[in-house]
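The values are calculated or read from the model by the stated rules, or taken from the named source; none is laboratory data. Worth saying up front: this structure is predicted, and the values here are computed from it rather than measured. With ideal geometry, Cβ positions are generated from the backbone for all residues, glycine too; neighbour counts draw on all protein chains shown. Quick note on the areas: whole protein, heavy atoms, side chains included, nothing else; ligands and nucleic acids left out. Shrake-Rupley method; radii C 1.70, N 1.55, O 1.52, S 1.80 Å.
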Amino acid sequence: MKNTNQYTVIFRFGLQHALEYRSNFFLSLISAFVPAVVQYYIWSTVYRSYSDSTLFGYSYEQMIAYTILAAVVSKLVMTNMEHAVSNDIKTGGLNRYLIQPISYFGFRLCHYFGQKLLYIIGFIVIITLILFVSPASRHLEHEPERIVIFILSIVMAMVISFLLSFAVSAIAFWLADISYFFVVTSLVINIVSGGMFPLELFGEGFRSVISVLPFYYMIYWPVNVWTGIIPASELWLGLLIQLVWSVVLGGVAYTSWKLGFKRYLGLGG
């Protein structure tokens with residue numbers, strides 16, 4: 001019970017941290033929509049000059065809906081915690097978690113979801129204000145089953161993203177200065193997850209390869225559950241695959257940190 005209360009406090013701390021930096025939160029949301037607005041005009045021009053009503057398997061309305069949803073979901077899912085974890089490793093900040101009855105993994109997980117609570121609220125408001133008053137919203141799938149799976153898939157995507165980031169952060173045990181590495185990996189993960197463009201733009205072969213990797217289920221798959229690109233027969237299977245990847249990445253994160261701690265010197269702190 002005591003540990004449960006501690007993790008609840010950490011969750012609230014993550015929320016308070018997000019509230020303290022409200023300007024960063026709003027700037028982050030704005031930064032998500034700047035490329036979405038640019039893409040809106042690009043896709044509008046492309047579809048006007050294209051003779052067919054669909055492009056890469058998307059109608060114009062589906063492409064606009066995907067652009068808006070992917071922009072918001074990427075901000076909701078991506079953790080951006082690698083730098084903080086790396087700093088704890090380099091400065092000895094992990095020391096206090098070795099002597100206290102709380103795990104560093106649990107701290108980061110609760111802090112992450114606490115911070116994201118504000119984004120979840122913003123996500124709901126934005127989807128309500130933008131998608132449901134835009135022409136694109138009429139072309140989204142509004143069946144209760146899809147809405148439920150869409151919500152569940154977002155939660156699972158957040159879990160996958162957290163575990164992937166936690167595993168990648170363990171590289172800081174071996175490399176001293178990897179700030180640029182984290183910047184590059186975050187950008188690459190966002191692209192191959194469908195955070196900028198639908199994966200079909202890179203070719204069907206590329207999409208097929210990515211579809212067997214966890215990145216596919218972080219942004220592209222949840223968004224296309226709602227756009228209707230994902231067939232109804234694959235909805236529950238996709239959730240099951242998300243669960244499987246969560247278990248696999250959990251094992252990878254555990255192993256990488258267990259190996260990393262053998263190299264941890266605990267200097268500073």
Conditions (1) in a helix (DSSP H, G or I); (2) open to solvent by less than 70 Å² (accessible area, probe 1.4 Å); (3) farther than 18 Å from Ala170 by Cα; (4) out of contact with any Pro (no Cβ under 8 Å at 6 or more places or on another chain) -> Trp236 fails only (2)
For Glu145, indicate whether it is modelled with pLDDT of 85 or more and loosely packed, with under 13 Cβ neighbours inside 10 Å. yes
For the range 196-217 the number of residues that are assigned to a helix (DSSP H, G or I), hydrophobic (A, V, I, L, M, F, W, C) and open to solvent by 50 Å² or more (accessible area, probe 1.4 Å) is 4
Odd one out for Asp177 among (1) closer than 18 Å to His83 by Cα; (2) assigned to a helix (DSSP H, G or I); (3) open to solvent by 10 Å² or more (accessible area, probe 1.4 Å): (2)
For the range 34-62, name all the residues that are in a loop (DSSP other than H, G, I, E, B), of a type in the set (Gly, Ala, Ser) and in contact with a helix residue (DSSP H, G or I) (Cβ under 8 Å, 6 or more places away or on another chain). Ser53, Gly57
Name every residue in the range 172-182 that is over 27 Å from Gln39 (Cα atoms) and touching a residue at least 40 places away in the same chain (Cβ under 8 Å), in order of residue number. Ala172, Phe173, Trp174, Ala176, Ile178, Ser179
Among the residues of the range 72-89 satisfying the criterion of being in contact (Cβ under 8 Å) with a residue 24 or more places away in the chain, open to solvent by less than 20 Å² (accessible area, probe 1.4 Å) and within 10 Å of Ala172 (Cα to Cα), which is farthest from the chain's Cα centre (by Cα)? Ile89
Tell me which residues, restricted to the range 90-109, are assigned to a helix (DSSP H, G or I), open to solvent by less than 30 Å² (accessible area, probe 1.4 Å) and not aromatic (Phe, Trp, Tyr). Gly106, Arg108
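Results for (1) in contact (Cβ under 8 Å) with a residue 24 or more places away in the chain; (2) in a helix (DSSP H, G or I); (3) aliphatic (A, V, I, L, M); (4) open to solvent by 30 Å² or more (accessible area, probe 1.4 Å), shown as yes or no for each residue.
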| position | (1), (2), (3), (4) |
| --- | --- |
| Ala167 | yes, yes, yes, no |
| Val184 | no, yes, yes, yes |
| Gly194 | yes, no, no, no |
| Gln242 | yes, yes, no, no |
| Lys258 | no, yes, no, yes |
| Arg263 | yes, no, no, yes |
